[in-house]
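The values are calculated or read from the model by the stated rules, or taken from the named source; none is laboratory data. As the structure is a prediction and not an experimental result, all values here were calculated from the model. Reconstructed Cβ throughout: ideal geometry from the backbone, glycine too, with neighbour counts over all protein chains shown. These accessible areas exclude ligands, DNA and RNA; they are computed on the full protein's heavy atoms, side chains included. Shrake-Rupley method; radii C 1.70, N 1.55, O 1.52, S 1.80 Å.
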Amino acid sequence: MVKYSIFTIARNALTGHKNWPKQWRSPEPKATYDVIIIGGGGHGLATAYYLAKEHGVRNIAVLEKGWLGGGNTARNTTIVRSNYLWDESAAIYEKSLQLWEGLSQDINYNVMLSQRGVLNLAHSLGDVREGVRRVNANRLNGVDAEWLDAEGVKDFCPIINISKSARHPVLGATLQRRGGVARHDSVAWGYARAADALGVDIIQNCEVTGIKREGGKVTGVETTRGDIAAKKIGVVAAGHSSVIAEMAGIRLPVTSHPLQALVSEPIKPVIDCVVMSGAVHVYVSQSDKGELVMGAGIDSFNSYAQRGSFHVIEHQLGACLELFPIFSRVRMMRTWGGIVDTCPDASPILSGTSVEGLYFNCGWGTGGFKATPGSGWCFAHTLANDAPHPLNTPFSLARFESGALIDEHGAAGVAH
Amino acid sequence: MLNIDCPWCGKRHETEFRYGGEAHIARPEDPAMLDDTDWAAFLFMRKNTKGYFAERWLHSHGCRRWFNVIRHTVTHEIVGAYKMGEKPPKLPKPAGGAK
């Protein structure tokens, strides 16, 4: 791997930037691997990277049915934060945020992490109490959090409307200053390049069509590019987790829904933080290009279609304009949908299954992007040791039988 | 936006309805007899079908009655709606690309 630095840029400038090597290989699949990761999004690539780097597993393949990071990694609103309520969630999301903070150096790829602060608005007395409670819970867990009253919110984000006559007035907000945004494509490409450099085979346009088993144990996968044998399989297929689970005769508690987002035309810098409101269902930040990036809640119905209904966007923009009247004449440029796998308790599943050697990392629902490094790190540990790391032990499939659910509907924010 | 054919009121916009998820999940006859695995299966495990899917809808801003719909979860094609307790309509041959 050519290390990226100011010197390599200078050297390549001399040859007109025509001799940059490819960032990763496109190898033919081998007949057999120690570990196969199904799904070449951020979480899958991070899993492969940490498996190779932290656990010394080198014979790994990542199978992606489309192209790298073309699913939810490319479709999210790039928000990064760790201010979740319960101890279990705070631990895994905070681990993730700490990995984010060193990620660009670690993988030698600029993921453009911008810790600009994330506001979660409160619009009712109930919201205020819940917000203050979450701030206190975060602090007890070592996660930075502050409570701002309405004036404080206005100071932090001057364009916000805190009028008391609003239909859902802003009464305050939680603030996580270490939260922010990151460049989504860089995360997939950076992890892919770093994993490839450690010998991971990244195989695109390779759809898994079957999971081969013998005596309750995985032996490999059937794909559109032939059969591939494997000792262990990690499924990181987001919205399509249930489809893969069905191939292995497993049932999951997830349902797949479209989650829509949209961007405006580029405008001059106007909002330098992230504003989220779970109550009125909108979240807004501004990209480096100047586009306002906004997300909605999920569409209620099950779908695998990567598109949703227009009334969801209409509802979201109504809320947005109440909060930011200044946006009233901004035109929207693009809308799209991603398929998110939501869990009954709005918490993920990183777990072994009843099939030996088959592991699932799914159920991240509407908030998977922020968890990309931590999810990959924990899942790599789980695959390498055939046992979960203490950070992801609570996120097992068994919790749906034991009843030890981790209800994060509040901190998951918008959606569900 | 889906146009949903309420069996009582006819075709209406999706915004009049509330979604109820997977249809035909029968409540166990004797819940006390179930072990944790079976109870979890009833409570949480879902088909999440990619393809033709039987689901419940409530006409919450209309007649306020529940009914079932067969809908394709990739194309969003609605095959038909039927009242609770009725048999689902026959599935059409799968469209190109859809399973």
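One way to sum up the overall shape of the range A:338-381 is the equivalent ellipsoid from its Cα gyration tensor, whose semi-axes run 18, 14, 8 Å, largest first.
Rounded to the nearest 10 square angstrom, residue A:381 shows an accessible area of 50 square angstrom against a 1.4 Å probe. Treating each Cα of the range A:51-138 as one equal point scatterer and applying the Debye formula with no solvent, the log10 of I(q)/I(0) at q = 0.19 Å⁻¹ comes out as -1.14. Chains A and B together bury roughly 2100 Å² of accessible area, counting both sides, with a 1.4 Å probe on protein heavy atoms only. These residues, A:26, A:104, go from largest to smallest accessible area, 1.4 Å probe, as A:26, A:104. Computed over the range A:178-289, the P(r) curve from all C-alpha pair distances, binned at 5 Å from the origin, holds 2, 8, 13, 14, 14, 14, 12, 10, 8, 4, 1, 0, 0 percent per bin.
When the alpha carbon coordinates of chain B are projected onto the principal axes, the ranges are 42, 36, 23 Å, largest first.
Taking every C-alpha pair closer than 8 Å and separated by at least 6 residues, the mean separation divided by the residue count of the range A:1-133 gives a relative contact order of 16 percent. Find how many whole Å separate the alpha carbon centroid of the range A:181-206 from the alpha carbon centroid of the range A:35-112. If you average the Cα positions of each part, the centres end up 9 Å apart. Checking the cross-link pairs A:30/A:65; A:232/B:47; B:50/B:90 against a 19 Å limit on the alpha carbon distance flags A:232/B:47 as lying beyond it. Normalised by 2.2 N^0.38 Å, where N is the number of residues, the C-alpha radius of gyration of the range A:1-75 stands at 1.36.
Restricting the calculation to Cα atoms, the range A:245-309 yields a radius of gyration followed by a Dmax of 16.2, 52 Å. Using only side-chain charges placed at the Cβ, +1 for Lys and Arg and -1 for Asp and Glu, the dipole size of the protein assembly as shown relative to its Cα centre rounds to 1320 debye.
Cα centroid separation, the range A:282-347 to the range A:235-276: 12 Å. The accessible-area ordering, largest first, of the residues B:66, A:336 stands as B:66, A:336, per a 1.4 angstrom probe.
Multiplying the residue separation of residue A:87 and residue A:108 by 0.36 nm and removing their Cα-Cα distance gives an extension gain of 4.4 nm. Accessible surface for residue A:189 stands near 100 Å², nearest 10, in the context of the full protein assembly shown (1.4 Å probe). Give me log10 I(q)/I(0) at q = 0.13, 0.14, 0.22 Å⁻¹ for the range A:315-416, Debye formula, one equal scatterer per alpha-carbon, no solvent. The Debye formula, applied to the Cα set alone, gives -0.59, -0.65, -1.18.
Each residue of the range B:16-21 is assigned a 3J(HN,Hα), and the resulting list reads 7, 10, 10, 8, x, x Hz, derived from the Karplus form 6.51 cos²θ - 1.76 cosθ + 1.60 (θ = phi - 60°), x at Gly and Pro.
Taking the square roots of 5 times each eigenvalue of the Cα gyration tensor of the range A:243-371, largest first, gives ellipsoid semi-axes of 34, 15, 12 Å. When Rg and Dmax are taken over the Cα atoms of the range A:366-416, they come to 12.4, 35 Å. When you restrict to C-alpha pairs under 8 Å that are six or more residues apart and normalise by the size of the range A:109-235, the relative contact order lands at 26 percent. Helix-only arithmetic for chain A: the sum of -39500 (n - 2.57) across DSSP H runs with n ≥ 4, divided by the residue total, places the mean residue ellipticity at 222 nm at -9000 deg cm²/dmol. With a Förster radius of 51 Å applied to the C-beta separation of residue A:140 and residue A:333, the computed FRET efficiency comes to 0.75. Normalised by the number of residues in the range A:284-358, the average gap of Cα pairs under 8 Å and 6 or more apart makes the relative contact order 24 percent. Out of every Cα-Cα pair in the range A:209-262, what percent are more than 15 Å apart? Tail of the P(r) past 15 Å holds 53 percent of the pairs.
The coefficient of translational diffusion for the range A:33-72, derived via Stokes-Einstein from the alpha carbon Kirkwood radius under 4 °C and 1.567 mPa s, stands at 128 µm²/s. Working from label points 7 Å from Cα in the Cα-to-Cβ sense, the residue A:268 to residue A:74 distance is 3.3 nm. Largest first, the extents of the alpha carbon coordinates of the range A:60-103 on the three principal axes equal 36, 27, 21 Å. The P(r) of the range A:1-148 has a tail past 26 Å containing 47 percent of all C-alpha pairs.
Each Lys and Arg adds +1 at its Cβ and each Asp and Glu adds -1 at its Cβ; summed about the Cα centre, the range A:266-393 shows a dipole of about 540 debye.
All C-alpha pair distances within chain A, sorted into 10 Å bins from zero, spread as 5, 23, 32, 25, 13, 3, 0 percent across the bins.
Quote the FRET efficiency, to the nearest 0.05, computed for residue B:86 versus residue A:163 with a Förster distance R0 of 60 Å and r equal to the Cβ-Cβ distance. It comes to 0.70. Residue-wise HN-Hα couplings along the range A:156-163, as the Karplus relation 6.51 cos²θ - 1.76 cosθ + 1.60 with θ = phi - 60° gives them from phi, are 6, 9, x, 7, 7, 8, 10, 4 Hz; Gly and Pro carry x.
Given a Förster distance of 60 angstrom, what is the FRET efficiency for residue A:30 paired with residue B:13, based on the Cβ-Cβ distance and rounded to 0.05? Efficiency for this residue pair is about 0.70.
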